[in-house]
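Everything below concerns the one structure shown next.
The values are calculated or read from the model by the stated rules, or taken from the named source; none is laboratory data. As the structure is a computational prediction, the values presented were derived from the model and not from experiment. All Cβ positions, even for glycine, are placed from backbone atoms using ideal geometry, and neighbour counts span all protein chains on display.
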Amino acid sequence: MTLGPVLLLSGPNLNLLGQREPAIYGSATLDDHVATLRAVLAGGGVDLEHLQSNHEGDLIDAVHGARGRVSAIVINPGAFTHYAWGIHDALAAFDGPIVELHLSNPNAREAWRHISVVAPVATGTVCGFGGAGYALAGQAVLGLLGRSGSS
């Protein structure tokens, strides 16, 4: 069975990974993390598309465009995690697995980061594992899609 690609959505400031607060987010760049996820998914025969945006509407438009076209969504919503109800509503209309992803563990940080408006519409959340979270998210997606990866 041929599956559509997986869509990775990266929210605000993730374009600064490797430069921004490396003590929290690590020294790897967003391109490094995308490459990790791409390799894991390729092991299961699944392609990856990626969009990073600092604009909520761009991410919402991408979710709308994914409906009926992609097999799953992995989203690191960044700060949008905590208040972007528009992203929540768009994801709620997506018919497929959704994995919420965070490099840090929001629950171990400032109190305002403890609430996720994405979590209620996500199939599951991977957080707190740094860059390894991208590989874990890929493995989770492959499992949810009934694929096994060689990575």
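Scanning the stretch 1-56 for residues that are of a type in the set (Asp, Glu) and under 14 Å from Leu103 (Cβ atoms) returns Glu21, Asp32. From the list Val117, Val121, Val99, the lone residue that is in contact with a Gly (Cβ under 8 Å, 6 or more places away or on another chain) and closer than 26 Å to His64 by Cβ is Val99. Taking the stretch 39-77 as the range and being within 12 Å of the chain's Cα centre (by Cα) and surrounded by fewer than 21 Cβ atoms within 10 Å (Cβ to Cβ) as the test, the residues that pass are Leu48, Glu49, His50, Leu51, Gln52. Note on the stretch 14-26: among residues that are at pLDDT below 95 and farther than 15 Å from Gly133 by Cβ, the one that is surrounded by the fewest Cβ atoms within 10 Å (Cβ to Cβ) is Ala23. The requirement of being hydroxyl-bearing (Ser, Thr, Tyr) and out of contact with any Phe, Trp or Tyr (no Cβ under 7 Å at 6 or more places or on another chain) is fulfilled nowhere in the stretch 34-44; no residue meets it. Restricted to the stretch 1-93, the set of helices (runs of 4 or more DSSP H) holding at least 1 residues that are in contact with a strand residue (DSSP E or B) (Cβ under 6 Å, 6 or more places away or on another chain) and either of a type in the set (Val, Ile, Thr) or closer than 17 Å to Val141 by Cα (or both) comprises 30-43, 56-66, 85-92.
The combined condition, being within 15 Å of Gly131 (Cβ to Cβ), aliphatic (A, V, I, L, M) and without any contact (Cβ under 8 Å) to a residue 40 or more places away in the chain, is fulfilled by Leu101.
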